[in-house]
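**Q** Please read through the structure below; I'll follow up with questions.
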Amino acid sequence: MSEVARNELPVVVIGGGPVGLAAAAHLLERGLEPLVLEAGEQAGAAIASWGHVRLFSPWRYDIDAAARRLLEPTGWTEPDLDTLPTGHELVDGYLAPLAATPEISSRLRTGTRVLAVARDGADKTRSLGRERRGYRVRTVDAYGRVADVLARAVIDASGTYDTSNPLGVSGLPAAGEVEAAGFVTGPLPDVLGAARDRFAGKHTLVVGMGHSAANTLLSLVELSETAPGTTITWAIRGGSARRLFGGGTDDELPARGLLGTRLREAVDAGRLRLLTRVSIEQLVPRAGSVQVLGTAKDEPLTLDVHAIVNATGFRPDLDMLREVRLDLDPVVEAPSALAPLIDPNQHSCGTVPPHGEQVLSHPDDGFYLVGMKSYGRAPTFLLATGYEQVRSVAAALAGDRAAADAVELNLPATGVCSTDLALDADGESAAGSCCGSAPAEPQLVTLGAGAPAGVGFASGIVHGRSGDREDA
Ligand SMILES: Cc1cc2nc3c(=O)[nH]c(=O)nc-3n(C[C@H](O)[C@H](O)[C@H](O)COP(=O)(O)OP(=O)(O)OC[C@H]3O[C@@H](n4cnc5c(N)ncnc54)[C@H](O)[C@@H]3O)c2cc1C
């Protein structure tokens, strides 16, 4: 394929979540032709599945600048920028109208899951003329029909929400975990709404130590007030839940502080049972319940529960990228140059230096991981970061090197380093002193050349995902 032919192809964007749609908006502004392939039936399908949960970031940090420029002429009503949307509100008030704009709707294919990406006509080992080739993107639709799409470049914004970490220790599924899948839900079931019957009057085990676990535990506690017999066990891998209990009223984010405080109160009041230093080794499915076998504080553990909520965090689906030459960090599975900035093992509360297209590039030119997936297994991704990423990537694909490199993203010096990987003997985060309760001075940071005037982060805002590493 000649270069001219390659450049006539669309830029395929995998995933119609907030970052994928923002990528499409930025590509359009650059005169490039996007084609967004979304596995779900609607844009923002992943967010819709946790739609009952409220974000930590107010609207002003949830809307991409180029997307706003597409929306404004349509008569779209901008939400109150200082309020915190729920996932459903984010979809209904922003993603759905954006997907419905004529510019995006004609370039969005829902119900289309990407199965694999490869260089067109060249497997991973073939180097000769590789850089001249475009990409072949294999898809399957809701009817099981497989089709290939050719692309000049591929932006993978497919998130990680579909691929939870396993419950078992060592990063591997526990024995019987696959067979017991029917008893296991994702991290944020709608306990008080659509999924109520599954949990009311039942014994639920919640595994994980991030904000998703906290949200679900508190919903279960609320459910237990009206549904007698609702029993809750919470299992974490670390020795203490102090990090998640957070800084209470000292927390930079009031909503997050309240979450931790309420959870601690529920544990103290015996509304739920907290088990620490838990290893899950085996799940034995039975009629109507599942037996959980393992250890807690090195003692044998046996639990009989009706449901398990897996809130142990996510990992990127890399299987579909097997034929692409990627440069990924062996620890967090993020682009190598990005990993040191976000790896919870290494990241010690410093500011996150500017990063854009250069940091996100791979040996195969024209392929990018962006959004939640670009952070691999690291949990601290924020929408505003993703919007800046796709602004820079679109500029680079359009050949505007100066704009692609003019990235300034300066996150405040706290909040993205909490991790159970750095636990001290008490199970407290070794980095806790800077990620804990001390209120930070509000500070404004610039979000690159493409950010609209006046948009910046007050430090508290970007702490929304602090400690949201879900690993137990
Ligand atoms: C409960 C929760 C609360 C959060 N709160 C905040 C917050 O307050 N502030 C903040 O900045 N960030 C927050 N985040 C983090 C992050 O911003 C969100 O996860 C956000 O949804 C990431 O956007 P994304 O576009 O990268 O991925 P997603 O929103 O996950 O979108 C990916 C899309 O790709 C689709 N897809 C997946 N696989 C395929 C495939 N193979 N082919 C085609 N399509 C595919 C999915 O259906 C989905 O629609 C939160 C995350 C969670 C889970």
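**Q** Might you let me know whether region 64-80 holds any residue that is of a type in the set (D, E), under 28 Å from A213 (Cβ atoms) and in the same structural domain as A25 (by TED's automatic domain parsing)? Show your work before the answer.
**A** As a first pass, look at region 64-80 and keep what is of a type in the set (D, E): 64, 72, 78, 80.
Then keep just the ones that are under 28 Å from A213 (Cβ atoms); that gives none.
Scanning region 64-80 turns up no residue that is of a type in the set (D, E), under 28 Å from A213 (Cβ atoms) and in the same structural domain as A25 (by TED's automatic domain parsing).
**Q** Can you work out which of the residues in region 85-137 that are touching a Pro at 6+ places or on another chain (Cβ under 8 Å) and part of a helix (DSSP H, G or I) is nearest to G17 (Cα to Cα)? It would help to see each step written out before you state the result.
**A** Applying the first criterion (touching a Pro at 6+ places or on another chain (Cβ under 8 Å)) to region 85-137 yields 85, 89-90, 93-95, 107.
If we keep only those that are part of a helix (DSSP H, G or I) too, we end up with 89-90, 93-95.
On the way: E89: 14, L90: 11, G93: 14, Y94: 11, L95: 8 Å.
It comes out as L95.
**Q** While we're here: Being within 15 Å of the ligand (Cβ to nearest atom), surrounded by fewer than 19 Cβ atoms within 10 Å (Cβ to Cβ) and at negative phi narrows it down to one residue among P85, P58; which is it? Talk me through it step by step, then tell me what you get.
**A** Working: P85 fails: surrounded by fewer than 19 Cβ atoms within 10 Å (Cβ to Cβ).
Checking each option against the conditions leaves just P58.
**Q** Could you check F199 against (1) more than 21 Å from L301 (Cβ to Cβ); (2) surrounded by fewer than 21 Cβ atoms within 10 Å (Cβ to Cβ); (3) hydrophobic (A, V, I, L, M, F, W, C); (4) touching a residue at least 24 places away in the same chain (Cβ under 8 Å) and say which number it fails?
**A** The failed condition is (2).
**Q** Which of (1) touching a residue at least 40 places away in the same chain (Cβ under 8 Å); (2) surrounded by 19 or more Cβ atoms within 10 Å (Cβ to Cβ); (3) in a helix (DSSP H, G or I) does L71 not meet, given it meets every other one?
**A** (1)
**Q** Please state which one of I104, I63 is touching a Gly at 6+ places or on another chain (Cβ under 9 Å) and of a type outside the set (K, R). If you could, list the steps in order and put the result at the bottom.
**A** Numbers: I63 fails: touching a Gly at 6+ places or on another chain (Cβ under 9 Å).
After ruling out the rest, the residue left standing is I104.
**Q** Please give the number of the condition S158 fails out of (1) assigned to a loop (DSSP other than H, G, I, E, B); (2) away from the ligand (no atom under 14 Å from the Cβ).
**A** Status for S158: all satisfied but (2).
Conditions tested, residue by residue: (1) more than 10 Å from the ligand (Cβ to nearest atom); (2) in contact with a Pro (Cβ under 8 Å, 6 or more places away or on another chain); (3) under 30 Å from L128 (Cα atoms); (4) at pLDDT 95 or above.
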position: A5; (1), (2), (3), (4): yes, no, yes, no
position: G15; (1), (2), (3), (4): no, no, no, yes
position: P18; (1), (2), (3), (4): no, no, no, yes
position: L37; (1), (2), (3), (4): no, no, yes, yes
position: E41; (1), (2), (3), (4): no, no, no, yes
position: A65; (1), (2), (3), (4): yes, yes, no, yes
position: G75; (1), (2), (3), (4): yes, no, no, yes
position: E78; (1), (2), (3), (4): yes, no, no, yes
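Residues are listed down the side, and each one gets a yes or a no for (1) at pLDDT 95 or above; (2) surrounded by fewer than 24 Cβ atoms within 10 Å (Cβ to Cβ); (3) not charged (D, E, K, R):
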position: C349; (1), (2), (3): no, yes, yes
position: P354; (1), (2), (3): no, yes, yes
position: H362; (1), (2), (3): yes, yes, yes
position: L369; (1), (2), (3): yes, no, yes
position: E388; (1), (2), (3): no, no, no
position: R391; (1), (2), (3): yes, no, no
position: E408; (1), (2), (3): no, yes, no
position: S418; (1), (2), (3): no, no, yes
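**Q** For residues that are in contact (Cβ under 8 Å) with a residue 12 or more places away in the chain, away from the ligand (no atom under 16 Å from the Cβ) and of a type in the set (A, V, I, L, M), tally how many sit in region 171-193. Give the derivation first.
**A** Taking region 171-193 first, the residues in contact (Cβ under 8 Å) with a residue 12 or more places away in the chain are 174-177, 179-180, 182-193.
Narrowing the set further to residues that are away from the ligand (no atom under 16 Å from the Cβ) leaves 174-177, 179-180, 182-184.
Add one more test, that the residue is of a type in the set (A, V, I, L, M), and what stays is 174-175, 180, 184.
Of the residues in region 171-193, 4 are in contact (Cβ under 8 Å) with a residue 12 or more places away in the chain, away from the ligand (no atom under 16 Å from the Cβ) and of a type in the set (A, V, I, L, M).
**Q** I'm trying to understand the selection: among the residues of region 34-54, which are out of contact with any strand residue (DSSP E or B) (no Cβ under 7 Å at 6 or more places or on another chain) and in a loop (DSSP other than H, G, I, E, B)?
**A** In the first step, residues of region 34-54 are kept if they are out of contact with any strand residue (DSSP E or B) (no Cβ under 7 Å at 6 or more places or on another chain); the result is 40-42, 44-50.
Once the filter is applied, which keeps residues that are out of contact with any strand residue (DSSP E or B) (no Cβ under 7 Å at 6 or more places or on another chain) and in a loop (DSSP other than H, G, I, E, B), region 34-54 yields G40, E41, Q42, G44, W50.
The values are calculated or read from the model by the stated rules, or taken from the named source; none is laboratory data. It should be emphasised that the depicted structure is a prediction, and the values quoted were computed from it without experimental measurement. Methodologically, a virtual Cβ is constructed for each residue, glycine included, from the backbone with ideal geometry; neighbour enumeration extends over all protein chains shown.
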